[in-house]
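All remarks here apply to the structure that follows.
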Amino acid sequence: MGGRPVTVRLARWSAEHPWRAIALWVVFVAVCFVGGNAAGLNEATAADQAIGESGRADVIVTEGRFTDPAVENVLITPRTGTLDRAAAQAAATDATERLRQVAGVASVGEPVPSRDGAALLVPITMAGDPETAADRVQPLRDATAAAQAAHPQLRVEQVGGPSINQALDDTLGRDFKRAELLSLPVTLAILIVAFGALIAAGVPVLLALSSVAAAMGLSTLASHLVPATDTTASVILLIGMAVGVDYSLFYVRREREERAKGRSGLDAVEIAAETSGHAVVVSGFAVIISMAGLLLADDVVFSSLAVGSILVVAVAVTGSLTVLPALLAKLGRWVDRPRVPLLWRLTAPRTGRHGQPARPRFWPAVLRPALRAPRATLIVSVGLLLALAAPALGMKLKFPGMEDLPRTTPAMQAYDRLTAAFPGTGTSHTVAVRAPADQADQVRAALTGLARNAAADPLFAPVEADGPKIEVSADRRVSVLEVATPYASRDDRAVRSLHELRTDLLPAALRGVPGVEYAVGGGVAASEDYARHIREKLPLVMAFVLALTFLVMTWTFRSVVVALTSILLNLLSAGAAYGLLVLVFQGGWAQDLLGFTSMGAIVSWLPLFLFVVLFGLSMDYHVFVVSRIREAVRAGRSNADAVAYGITSSAGVVTSAAIVMVGVFAIFASLSTIDMKQLGIGLAAAILLDATIIRAVVLPSVMTLLGGANWWAPRFLRGRGRPAATPPTTPPAEPTPELVGAH
């Protein structure tokens, strides 16, 4: 008993003491969740998230402790033709009177005409905490709507940061609510199709949801070591549902397969633990290693995502090895109840000769080219994937700007009219200067000259009539100037204006000021700095993930060749996903189909995040498939027969798991924002490519070509029971065909 693998010992104890195992799991999940909520969340600050020069600018501005109230605007424009100034002034006066009576309005400024006289702007300063302004802006919008109703011949609309944030929150809130409502039924529906029985379909979802709940609590506790960001919970849900469903799907399908061969319930659980359970542990380590690579990015956002992902994967692996065997042992054959008649006939294991499950027909037909002409199949399939990956060489990285937000809301439509009439209210660069207090006057003079010099350059917007607005901190050590550009944040001319400001205008303006420190921030700067940061860190993260994954796979399969081919195939899969992203989003393919406007680039954080997630999840499938191939080799089959057996015997479960992930990820492609669309399409496309072309075409071609060399390793790695380098000469055992679920 003591010589058995840990996965088997854990599974046997859980299966023999199911109620204890289930109770311990429930207590564990409850303690993690309640304990995390009691500890509270420690969120990352602006200083934690500072990246590059734009990050230094944010830190300088924060040190200035400026009172920065929330600002809204009432924009008055004609519906057609030119603006009637008298009517516009009357509407502005009416809106001003109404807004001054609204609680939460600190002041209403005098109307400001645009340079061309085509618009009138009424500035509003809100009282209270600017962080909560979006939650308190609705009464102001109601007052503006009343002014609009009183002046129907004009367009009277409210626009500003709080109203845009409120509209965006409403849009994203509806999006995520729809995604949450759709993801669970979609997952359940796919699993019902895969199993043909409701309880069997519900078990993976139950394990995934409980793993997510426990990981949420643990990540809250961990936030006191690594500060959390507002995206951590979403990633925990995304990764937790993916791996939680996958791991239990692998386990349940193997247990059902063994029962179909006539094994007892306890024996079936033990065999599932020794095979699928071992694969779950290895693939879990592979995912954890990939996610740990994010810690090298030197970025609190990625560090937070790494910690959350590692925790949810570790919890899902633990649940698969403990509570899942207990549930299967307790349910017994009830796991196949209640059956969905037609689906059950298609998915339930059927017996053939000698009581073995019947051979499927679909997957052997798919595998035939790879087994009969492996070299030609490999060249064609790899060539197609490399062609798909080629556009990734021209990938551009940028942050989404205001122009990339959905234009379906009145607030964003008003924003477009505002920036057209008042260019200085759009994209701007934040010049932050820190100097000794006695140099404050000299700094102000330098920044005033800088603003006027910039205004003479077509890359920058003109200075407003009342001159540049320079804010100085109470201690006179920090000065801040906003330098506007008339171009959208991802326009190349906006980027050129940033470089000119950083390299020429600002250093020249402050050259004579002693003890001065300065930095340029803002949206354009943050996008450029973050893209540079990602380009610098991506090779380091990739090297870490590849090296550690290679070591884990080598040790697991006792084969250098298996480890090397695993790495290469996963790189091929990730490269193809990158290329597809560039074609669809940077090149503008499928804009009408997916409902987006191309930003001409990929969101800056996506390549690094996609790499670690895709590498981890792809290794998930790879470990499961290669484990079945090695199992067949150890049973005495020839290399070609082992490859065919391994692919066909795992095809049903891998396909089912992939369809679940593709379905859930594709839901994200329906969200409104461009970053969520890119994330959803990138993940869905990569998983689909990996589970089909990579696993069913490229992998069998490679392993068929290599033959016995698949299992080569240095002498010190060769362990007992390792597959021989040369297939045995004894006749292969009676084939143990695939589950009928692979049909």
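The values are calculated or read from the model by the stated rules, or taken from the named source; none is laboratory data. Here the structure is a predicted model, which is why all the values come from computation and not from measurement. Neighbour counts run over all protein chains shown; Cβ positions are idealised from the backbone, glycine included. Surface accessibility is based on the protein's heavy atoms, side chains included, excluding ligands, DNA and RNA. Shrake-Rupley method; radii C 1.70, N 1.55, O 1.52, S 1.80 Å.
Only one residue in Ser649, Ser598, Ser618 is out of contact with any strand residue (DSSP E or B) (no Cβ under 6 Å at 6 or more places or on another chain) and either without any contact (Cβ under 8 Å) to a residue 60 or more places away in the chain or not in a helix (DSSP H, G or I) (or both), so which one is that? Testing whether each residue is out of contact with any strand residue (DSSP E or B) (no Cβ under 6 Å at 6 or more places or on another chain) and either without any contact (Cβ under 8 Å) to a residue 60 or more places away in the chain or not in a helix (DSSP H, G or I) (or both) leaves just Ser598.
Residues that are open to solvent by 40 Å² or more (accessible area, probe 1.4 Å) and more than 20 Å from Thr692 (Cβ to Cβ) within the stretch 564-585 comprise just one, Leu564. Pairs are defined by a Cβ separation below 6 Å, a sequence spacing of at least 6 or placement on different chains, a first member in the stretch 22-44 that is under 20 Å from Ala11 (Cβ atoms), and a second member that is not hydrophobic (A, V, I, L, M, F, W, C); the pairs so defined are Val29/Ser210.
Of the residues making up the stretch 517-571, those that are of a type in the set (Ser, Thr, Tyr) and either farther than 30 Å from Val495 by Cα or out of contact with any strand residue (DSSP E or B) (no Cβ under 6 Å at 6 or more places or on another chain) (or both) are Tyr530, Thr549, Thr554, Thr556, Ser559, Thr565, Ser566. Which residue, of Leu218, Leu296, Leu237, Leu266, is within 17 Å of Leu321 (Cα to Cα), open to solvent by 10 Å² or more (accessible area, probe 1.4 Å) and among the hydrophobic types (A, V, I, L, M, F, W, C)? Answer to the check: Leu266. Put simply, of Ala92, Ala86 the only residue that is in a helix (DSSP H, G or I) and either open to solvent by less than 20 Å² (accessible area, probe 1.4 Å) or touching a Leu at 6+ places or on another chain (Cβ under 9 Å) (or both) is Ala92.
Taking the stretch 254-331 and the helices (runs of 4 or more DSSP H) fully enclosed by it, the elements with 2 or more residues that are at pLDDT 90 or above and either out of contact with any helix residue (DSSP H, G or I) (no Cβ under 6 Å at 6 or more places or on another chain) or under 30 Å from Ala44 (Cβ atoms) (or both) are at 278-292, 300-321.
The condition (being surrounded by fewer than 16 Cβ atoms within 10 Å (Cβ to Cβ) and in contact with a Gly (Cβ under 9 Å, 6 or more places away or on another chain)) is satisfied by just one residue among Arg532, Arg558, Arg511: Arg532. Look at (1) touching a residue at least 40 places away in the same chain (Cβ under 8 Å); (2) at negative phi and you find that Gly52 fails only one, number (2). Criterion first (among the charged types (D, E, K, R), in contact with a Lys or Arg (Cβ under 8 Å, 6 or more places away or on another chain), on the phi < 0 side of the Ramachandran plot and assigned to a loop (DSSP other than H, G, I, E, B)) does Arg490 satisfy it? Judged against the criteria, Arg490 is a match.
Out of everything in the stretch 128-159 that is out of contact with any Phe, Trp or Tyr (no Cβ under 9 Å at 6 or more places or on another chain) and part of a strand (DSSP E or B), what residue ends up being nearest to Asp68 (Cα to Cα)? Among them, the one singled out is Gln158.
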